[in-house]
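Okay, so here's the structure we're looking at.
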Amino acid sequence: SPILVWMRRDLRLSDHPALHKAAASGRPVIPVFIRDGLVDGLGAAPKWRLGLGLEHFAQRLADKGSRLILRSGDARAVLLELIEQTGAGAVCWMRAYDPDSVERDKAVKAALRERDIDAESLAGHVLFEPWTVETRTGGFYKVYTPFWKAVKGRDVAAPLPAPSEFRAPGTWPDSEALEDWALGAAMRRGASVVRPHVRLGEDAAQARLGAFMAHKVAEYDDTRDLPSVDGTSCLSENLALGEISAAQCWHAGIRAREEGKAGAETFLKELVWRDFAYHLMWHTPRILTENWREEWAGFPWNTDERRAEVKAWKQGRTGIRFVDAGMREMYVTGRMHNRARMIVASYLTKHLLCHWQIGLKWFEDCLIDWDPASNAMGWQWSAGSGPDATPYFRVFNPVTQRDKFDPKRAYVDRWIAEGRRNPGKDALSYFDAIPQHWHMAPGDPYPDPIVPVDEGRKRALDAYENRGF
Ligand code: FAD
């Protein structure tokens, strides 16, 4: 009988344990993607990017004589219906770790097993599954460095090759049409503005990994913090949808380290930050929704999204160039350099005293590399409310940060048109991307700071002191 492979955030053929296992079984393989409530609930940019990823992946499967069957509805009901229609006797998939997926997957597994369907979930989205890394006393890690020390010497299984072929079922079940899902409906700027910045699919991700290891990793220690330099792997977009596996990146990093390339170890450490985020989300799912540190409960953050300073932050017109450059980069490309993410997050939560949830949600709507675990960890880290967070009293100064990390102003000039005689194409493309009702034009004068840097810093420190921090 056929085997259903339930595809989720793992749109690749190589190093895919579930597809590999299904292909090796010799049974007919039916790959399926289900548009359930979790897909419907995605932010505009990640949902649009998922649509691109699915279209591309379906073509890859078609090239191998297979198909991607698309169905919408509750995952359990969809799978049971497909089992009935195809006579499938087994379903397998790769594990997810966010609380909503975990709950869904448990229910699915129980329902399948109840009906004697062979249901199996496999590892593959992270390097080290969250429960496999334990402190000496059997707890979980709350600080990154000991987590890194605990995992850095571990073996990561060698990546699996892509199956050479898949046996097709006698008849294929019906599939819905991807266009009808309209996954890009809420992302009007997607095709026209963001698309040229997307690196789509498994081959592109592998090419980028190869190029990064050949030409960039040796300099990574020096360049990774400079937002004007293309010095990082830019693989987060592909990792988010599983177009490349963390293990493939890990092994490439290990090889580069063996070749004596400086920066390779730092790259491995960054990959482990991603795992650490998953570790935290698995053990404390409240990191997604609540202040991780309880002493922050009741902190008087601004939570009103309609406030002028929140709008200015989202629209990249705070009058602080480094902040505005980061916000505009994200709006146009769907990505933001890590240094800029830290600056804009610190500015929102500290200078503007706005709740990190406001920022987390805006990122969730705008990032094509949106990842629930890394986004929540990044925001709580920046706000000071998270585990292993930047100390609350460390208020990044976006002006001195720019002097340090963008000394020639290449990054801010790349993204800010106002006040420049000949703004470049990226700076101008921001004005093609934004809605008209933002009323911004490249010829406008650049705004004065909505909250001057020193004043904001003092206000934040006063607020912390009032709370007795
Ligand atoms: P590289 O420097 O090439 O690093 C390689 C890989 O390591 C990345 O692709 C990523 O998977 C992982 N990594 C690197 N830094 C981090 C980090 N700080 N935390 C977790 N993993 C890391 N990353 C996301 O993938 N999705 C998000 O939604 C996201 N939101 C963030 C929000 C905030 C406020 C902050 C401060 C950081 C956030 N990050 C997020 C982490 C980080 O900014 C990105 O992973 C990184 O910029 C991706 O670029 P890259 O692939 O070129 O990274």
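Please sort 399-412, 105-118 by packing, taking for each peptide the average over its residues of neighbouring beta carbons within 10 angstrom, highest first. Provide the component values of the computation, followed by the final result.
Values: 399-412: 16.0, 105-118: 14.3.
Result, highest mean Cβ count within 10 Å first: 399-412, 105-118.
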Q: Let me know the Rg and Dmax you get for region 287-384 when you use only its Cα atoms, in Å.
A: 12.4, 37
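At a Förster distance of 41 Å, what's the computed FRET efficiency of residue 207 paired with residue 106, Cβ-Cβ distance as r, to 0.05? Don't skip to the answer; put the middle values down first.
Working: r = 37 Å, r/R0 = 0.91.
It comes to 0.65.
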Q: Would you mind putting 192-199, 355-362 in packing order, based on average other-beta-carbon counts within 10 Å, highest first?
A: 355-362, 192-199
Q: Give me the distance between the Cα centres of region 314-375 and region 247-301, rounded to whole Å.
A: 18
Q: Mind ranking 81-87, 381-387 by how tightly packed they are, going by the mean number of other C-beta atoms within 10 angstrom, highest first?
A: 381-387, 81-87
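When averaged across all projection directions, what area in nm² does the alpha-carbon convex hull of region 1-124 cover? Could the numbers behind the result be given before it?
Working: hull surface 28.5 nm².
Answer in nm², one decimal: 7.1.
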Q: Count the net charge of all other residues whose Cβ sits under 14 Å from the Cβ of residue 133, scoring Lys and Arg as +1 and Asp and Glu as -1.
A: +2
Q | Long-range amide H partners of residue 35 with built H, under 5 Å | A | 71, 72, 73
Q | Contact order normalised by residue count of the chain, Cα under 8 Å, 6+ apart, percent | A | 17
(Q) Which three numbers, in whole Å and largest first, are the semi-axes of the equivalent ellipsoid of the chain derived from its Cα gyration tensor as √(5λ)? (A) 39, 25, 23
**Q.** Rounded tilt (10° steps) of 75-86 against the dominant C-alpha axis of the chain
**A.** 30
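Across every pair of different alpha-carbon atoms, what Kirkwood hydrodynamic radius in Å does region 294-464 reach?
Working: mean 1/r = 0.0618 Å⁻¹.
It is 16.2 Å.
Return a whole-number percent for the relative contact order of region 1-124, with Cα pairs under 8 Å and 6 or more residues apart as the contact set. Walk me through the intermediate numbers first.
On the way: 164 pairs, mean separation 42.5, N = 124.
Here the relative contact order equals 34 percent.
If you place +1 on the Cβ of every Lys and Arg, -1 on the Cβ of every Asp and Glu, and leave all else neutral, what size is the dipole of region 152-299 about its Cα centre, to the nearest 20 Debye?
Numbers: 17 positive and 23 negative charges, 43 e Å.
That gives region 152-299 a dipole magnitude of about 200 debye.
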Q: For region 232-244, just list the computed ³J(HN,Hα) in residue order, Karplus coefficients 6.51, -1.76 and 1.60, θ = phi - 60°, integers in Hz, with x standing in for Gly and Pro.
A: 10, 6, 6, 8, 4, 4, 6, 5, 4, 9, x, 6, 9
(Q) How would 324, 221 line up from fewest to most surrounding beta-carbon atoms within 10 angstrom? (A) 221, 324
Q. Want the number for residue 149 to residue 131: 0.36 nm per residue separation, take away the alpha-carbon distance, what's left?
A. 4.9 nm
Q. At 222 nm, what helix-only mean residue ellipticity would the chain give, in deg cm²/dmol to the nearest 500, using -39500 (n - 2.57) for each DSSP H run of four or more?
A. -13500 deg cm²/dmol
Q.
Restricting to Cα pairs below 8 Å that are 6+ residues apart, what does the relative contact order work out to for region 294-464? Please round to a whole percent.
A. 26
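What fraction, in whole percent, of alpha-carbon pairs in region 233-327 exceed 15 Å separation?
Working: 3335 of 4465 pairs.
Result for the distance tail: 75 percent.
Readers should treat all values here as calculations from the given coordinates under stated rules, not as data from a laboratory. Predicted model only: the values in this text are computed from it and were never measured. Cβ: placed from backbone, ideal geometry, glycine included. Neighbour counts: every protein chain shown.
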